[in-house]
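Below is one structure, written out as structure tokens, with a few remarks after it.
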Amino acid sequence: MKDGMTFSRRAFLFGSAAVAGGVAFGPAVFAQDMAPPLPQGAAPPAATINPWVVIGPERITVVTPHADVGQGVASVQAALIAEELDIDLDQPDVSFGPPDPAYANTGLAGEFVPFEAYDLSPEAEAARKQAADWIASQGMQMTGGSSTVPDSYDKLRLAGAVARETVKAAAAKRSGMAVADLTTEAGQVVLPDGTRIPYTELAAEAAAIPPVENVALRDPSEWRILGKPMQRVDVEAKATGAMKFGLDLTLDGMVYAALRVNPYKGAGLNGYDAAEALAMPGVSSVVEVTNGIAVIASNSWYAMRAAEAVKCDWAQGDYPPDQSEHWAVMEASFADEHREKIWRDEGDVDTALAGDGVIEAEYRAPYLAHQPLEPLSALVLVTDEGAEIWVGHQIPNAVQGMVAQITGHPVEKVVFHNLYSGGSFGHRLEFENIRPAAEVANKMRGTPVKLIFSREEDFLQDFPRQLSMARLRGVAREGTIEAAEFLISSTPVMASQMGRLGMPVEGPDAQTPMGVRPMSYGIPNLRVSTYAATGLSPVSSWRSVGASTGGFFSESFIDELIHAAGLDPLQARIDMCKIDYHRKVIEAAGEMCGWQGPLGDGKGRGVAFVESFGVPVCEVVEVTATENGIRLDNVWVAADVGPVLDPVNFQNLVQGGVVWALGHAMNCELTYAGGQVQQTNYQAHEGMRIHQCPAIEVRGLANGPKIRGIGEPPVPPAAPALANAIFAATGQRIREMPFNRFIDFV
Amino acid sequence: MIELSVNGETRQVDVEPDMPLLWVLRDELGITGPKYGCGVAQCGACTVHVDGMAVRACQARIGDLAGAEVLTIEGLGAGTLHAVQQAWIDHQVPQCGYCQTGQIMQAAALLDMNPAPTDEDINKTMAGNLCRCGTYVRIREAIHAAAAKMAEN
């Protein structure tokens, strides 16, 4: 086995026996009957060679436990397995599998330790190893933090290689040939005389021998699939309408449930009057759920229309009702008693800032909604024997645990089916659909219940991105930035989110300094401090989390200091950057756009560089100031994730991340009034539409020390690059999102 | 009882006349290609063709559709892939994919009326179709590719 392989040997030791029909994967649920993930009708025996590969007599199934919320990870996980298993990408069934500790995401370890991603010191690496071991011991299966590829890169290739060698060993036993004389191709073992034995024919024999453990991974130069343009496994179904999302599923005898929950988040229901709703067509009943009600009907529309007609008397919640009070709490949080940590304190910042010429600025970032286009839903069936739930979610065992708790059934009697989701951006790390769906289904045992959120209800229940603010000071002299102080305050995301998960976190919020703390510029006097603004709205991870606000603050203010120093925005960043593979990303973006300083004619280019989730990303945005407002013309993006496994999807995700970031920075905010958000559909919070979308050119670099994921890192540099471009084009410095409060866009 | 044609088949439904076509298709007829995204014609995920025109199914009252001919993504290619669908696959447009059936129906309607749209034409016609994943660059590319393919045939 390759050096440094950290995952549990146990994962390979459980599954070498023939298993009964309707088999489940993974040690904990090995004997449990389930419909998926084995294809319906597949007959035993099948060889469950490890938690990721099942070879049955009819079909090969690969298990891709990281949830696919649109970022394409089902495909990249399948490709990692297929590469070493020697099957084609369109050959296997692809299953998300059940919740299982074997699928613990040790790729999250880097986010759990207070070391910069570029710090590869023995101390930092030891801390990461310790964090990974802890994650494995907890069986923490969670998709997030752009960690699917880092988690899967070795594990899944190894899973494929082990399965391949095991099948070869079975073929050797049958044929009497030496394993060394056998080759594999497209799901078949090839004997020296050219005879081909499909893996599926060898299923029973492979199940009867111990898995071959001593395998080597192929050199990337030998890859057939990885690193080359491939067709995502879900693309065709998504272009034909065949893909079944959670909202599309039905079961015989199913009813529809539409929700009304107190929009003052966390507060209760004093009382309600459902008389009018109950008299409406298609409505059968009204059921109480935590902090609200659900209307049961024979059609989604009947249910949603009737839910609106229920008169609810809501209790008042704990956080301030109105947005101005949220900002007042935020402003007051810049005080010693609210300071969480001084993360960096280099040189002598106080002396440097005591003299003349100090530049001061204040930056703000609003609450934002996730609002993926598929609204939240969940399909649940509870009986007296157990429960079954179909829902796209990023923390499977937490869903299972919540349903178990609500129904009183033991966890092993709760079957969870993960699904392709119509987007997440962090939304499907929460449980606002799971809880009421399980509550309703538990009250209607024997009847399948599909709980649906109207778009309005989804907006109202969405835990927003952190509210954040920065107070910044710096000193620039001709040709140099001498000092910079970054004071950042946020509503702490991790405490809020992990608290809801029942895993309270202690200490300073790890996300508040992101986008600022990793700064790899050599500024002689540098301080980064964070504060906590508490008692405000509950908040949640929003694509790129802390870096989505911190990156805006740091790279906009650095740009102010660069201009004050009379320097070129791109060249100054290159000159200041102390990490080689970071600097190469900035240089690449400059080369891609043919950077040559100011453009004139109302055109402006802005550059920003942010490292998040270990990925350095540099973006250049080009705008034109027209009579009708700012027009976005071009964006160039250079990012270093190491080897790019799925180049088409890589480009698509980067483009999407840029659109996500720009659209929200330009056009969106959530504001509270009377305890509830005022924006409840897309006309008030739409992100970006196609007419605002610039051309976006993407380049991947591979100079960094570790392989990384690309879901989130393109987001943080986009907003500051745009703000810096607007400054270059117009001279107007925008220090608060959304930008359309200060300038018009075409 | 209201009778209409859906993807070439005559269907009868017995629902409130105010029910939007979207929910008739999805919950009464089991046709789930048209998606619910906003319910107020802000996202375009429910886009279908009614008598040849792209419409938001969430805004079309079933009571107004007696005798109408409705085409959904399921019937677009008539048993094969429509050029727009093929372009969507070739250019790997979808990420989450939830908006894409509506995008494809809108794009197909655009090409019916304008076989060689410019970027500006695409921006105007597709601006009502929201994609939260941000696949717009590829949507433009795929529409141009489909237009070129349809011009060949």
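The values are calculated or read from the model by the stated rules, or taken from the named source; none is laboratory data. These numbers were taken from a predicted model, which means no experiment stands behind them. Cβ placement follows ideal geometry from the backbone for every residue including glycine, while neighbour counts extend to all protein chains displayed.
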Open item on the list: Based on this model, can you work out whether A:Ala378 counts as more than 14 Å from chain B (Cβ to nearest Cβ), crowded, with 22+ Cβ neighbours inside 10 Å, more than 16 Å from the chain's Cα centre (by Cα) and modelled with pLDDT of 95 or more?
Closed with: yes
Task: Pick from region B:4-27, criterion more than 9 Å from chain A (Cβ to nearest Cβ) and under 22 Å from A:Met280 (Cβ atoms), ranking: surrounded by the most Cβ atoms within 10 Å (Cβ to Cβ) - done: B:Leu21
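This table checks each residue for (1) buried (at least 23 other Cβ atoms within 10 Å of the Cβ); (2) outside the structural domain of A:Ile81 (by TED's automatic domain parsing); (3) in contact with a Lys or Arg (Cβ under 6 Å, 6 or more places away or on another chain).
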{"residue": "A:Pro198", "(1), (2), (3)": "no, no, no"}
{"residue": "A:Glu213", "(1), (2), (3)": "no, no, no"}
{"residue": "A:Asp219", "(1), (2), (3)": "no, no, no"}
{"residue": "A:Gln231", "(1), (2), (3)": "no, no, no"}
{"residue": "A:Asp252", "(1), (2), (3)": "no, yes, no"}
{"residue": "A:Arg260", "(1), (2), (3)": "yes, yes, no"}
{"residue": "A:Gly268", "(1), (2), (3)": "no, yes, no"}
{"residue": "A:Gly282", "(1), (2), (3)": "no, yes, no"}
{"residue": "A:Ser285", "(1), (2), (3)": "no, yes, no"}
- [ ] Go through region B:80-94 and count every residue that is closer than 22 Å to B:Leu22 by Cβ, facing chain A (nearest Cβ under 8 Å) and in a loop (DSSP other than H, G, I, E, B).
- [x] 1
- [ ] Determine, yes or no, whether A:Val54 is buried (at least 24 other Cβ atoms within 10 Å of the Cβ), part of a strand (DSSP E or B), out of contact with any helix residue (DSSP H, G or I) (no Cβ under 8 Å at 6 or more places or on another chain) and in contact (Cβ under 8 Å) with a residue 12 or more places away in the chain.
- [x] yes
Open item on the list: Here are the criteria: (1) buried (at least 24 other Cβ atoms within 10 Å of the Cβ); (2) within 9 Å of chain A (Cβ to nearest Cβ). Tell me which single one B:Val70 does not satisfy.
Closed with: (2)
TODO: For residues that are touching a Gly at 6+ places or on another chain (Cβ under 7 Å) and not β-branched (Val, Ile, Thr), scanning just region A:127-151, find the one that is nearest to A:Thr106 (Cα to Cα).
DONE: A:Asp151
- [ ] Would you mention how many residues in region A:545-563 are surrounded by fewer than 24 Cβ atoms within 10 Å (Cβ to Cβ) and among the aromatic types (Phe, Trp, Tyr)?
- [x] 0
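Could you check region A:358-477 for helices (runs of 4 or more DSSP H) lying wholly inside it with 1 or more residues that are farther than 24 Å from A:His685 by Cα?
Because the criterion is at least 1 residues that are farther than 24 Å from A:His685 by Cα, the helices (runs of 4 or more DSSP H) in region A:358-477 that meet it are A:396-407, A:434-443.
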TODO: Scan region B:88-108 and give yes if some residue there is touching a residue at least 60 places away in the same chain (Cβ under 8 Å), more than 21 Å from A:Leu373 (Cα to Cα) and surrounded by fewer than 20 Cβ atoms within 10 Å (Cβ to Cβ), otherwise no.
DONE: no
Open item on the list: Given the options A:Gln683, A:Gln732, A:Gln679, name the one that is touching a His at 6+ places or on another chain (Cβ under 8 Å) and assigned by TED's automatic domain parsing to the domain that holds A:Asn634.
Closed with: A:Gln679
Task: Single condition A:Arg708 does not satisfy, out of (1) under 24 Å from B:Thr118 (Cβ atoms); (2) crowded, with 24+ Cβ neighbours inside 10 Å; (3) of a type in the set (Lys, Arg) - done: (1)
TODO: Go through the residues of region A:704-716 one by one and say whether even a single one is more than 14 Å from chain B (Cβ to nearest Cβ) and closer than 19 Å to A:Ala470 by Cα.
DONE: yes
Open item on the list: Here is a check on your reading of the model: is B:Ala83 in contact with a His (Cβ under 9 Å, 6 or more places away or on another chain), small (Gly, Ala, Ser) and closer than 30 Å to A:Asp633 by Cβ?
Closed with: no
- [ ] Tell me, yes or no, whether region A:524-544 has at least one residue that is aromatic (Phe, Trp, Tyr) and crowded, with 22+ Cβ neighbours inside 10 Å.
- [x] yes
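So that you can scan it fast, the table gives a plain yes or no per residue for (1) touching a helix residue (DSSP H, G or I) at 6+ places or on another chain (Cβ under 9 Å); (2) within 29 Å of B:Ser5 (Cα to Cα); (3) more than 8 Å from chain A (Cβ to nearest Cβ); (4) part of a strand (DSSP E or B):
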residue	(1), (2), (3), (4)
B:Ala78	no, yes, yes, no
B:Asn123	yes, no, no, no
B:Leu130	yes, yes, no, no
B:Arg138	yes, no, no, no
B:Ala142	yes, no, yes, no
Open item on the list: Checking the structure you have, find out if any residue of region A:329-347 is within 14 Å of another protein chain (Cβ to nearest Cβ) and part of a strand (DSSP E or B).
Closed with: no
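Take region B:28-50 and flag every residue that is assigned to a loop (DSSP other than H, G, I, E, B), touching a residue at least 12 places away in the same chain (Cβ under 8 Å) and at the interface with another protein chain (Cβ under 9 Å from one of its Cβ atoms).
Residues satisfying the conditions are B:Ile31, B:Gly33, B:Pro34, B:Lys35, B:Tyr36, B:Gly37, B:Cys38, B:Gly39, B:Val40, B:Gln42, B:Cys43, B:Ala45.
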Open item on the list: Within region B:51-67, take every residue that is among the small types (Gly, Ala, Ser) and out of contact with any helix residue (DSSP H, G or I) (no Cβ under 8 Å at 6 or more places or on another chain) and give me the one that is farthest from the other protein chains (Cβ to nearest Cβ).
Closed with: B:Gly67
TODO: Return the pairs, sorted by first residue and then second, in which the second residue is modelled with pLDDT under 95 and of a type outside the set (A, V, I, L, M), the first residue lies in region A:304-322 and is crowded, with 20+ Cβ neighbours inside 10 Å, the beta carbons are less than 8 Å apart, and the residues are 6+ apart or on different chains.
DONE: none
Open item on the list: Condition first: of a type outside the set (Ser, Thr, Tyr) and more than 22 Å from B:Leu21 (Cβ to Cβ). Now tell me which residues in region A:279-294 satisfy that.
Closed with: A:Ala279, A:Val286, A:Val287, A:Glu288, A:Val289, A:Asn291, A:Gly292, A:Ile293, A:Ala294
TODO: Could you please find all residues in region A:379-435 being in contact with a Phe, Trp or Tyr (Cβ under 7 Å, 6 or more places away or on another chain), among the hydrophobic types (A, V, I, L, M, F, W, C) and within 21 Å of B:Gln95 (Cα to Cα)?
DONE: A:Leu419, A:Phe425
- [ ] Determine the pairs where a residue that is touching a residue at least 12 places away in the same chain (Cβ under 8 Å), located within region B:125-153, has a partner that is of a type in the set (Lys, Arg) with Cβ atoms under 9 Å apart, the partner being 6 or more residues away or on another chain.
- [x] B:Met126/A:Arg689; B:Met126/B:Arg140; B:Gly128/A:Arg689; B:Gly128/B:Arg56; B:Asn129/A:Arg689; B:Leu130/A:Arg689; B:Cys131/A:Arg689
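The rows are residues; the columns are (1) touching a His at 6+ places or on another chain (Cβ under 6 Å); (2) under 21 Å from B:Arg132 (Cα atoms); (3) crowded, with 22+ Cβ neighbours inside 10 Å.
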site	(1), (2), (3)
A:Ala588	no, no, no
A:Gln596	no, no, no
A:Val623	no, no, yes
A:Asn634	no, yes, no
A:Val637	no, yes, yes
A:Asn649	no, yes, yes
A:Gly663	no, yes, yes
Task: Filter result for the condition that a residue is over 22 Å from the mean Cα position of the chain (by Cα), surrounded by 24 or more Cβ atoms within 10 Å (Cβ to Cβ) and more than 10 Å from chain B (Cβ to nearest Cβ), over A:Gly674, A:Gly606, A:Gly629, A:Gly614 - done: A:Gly606
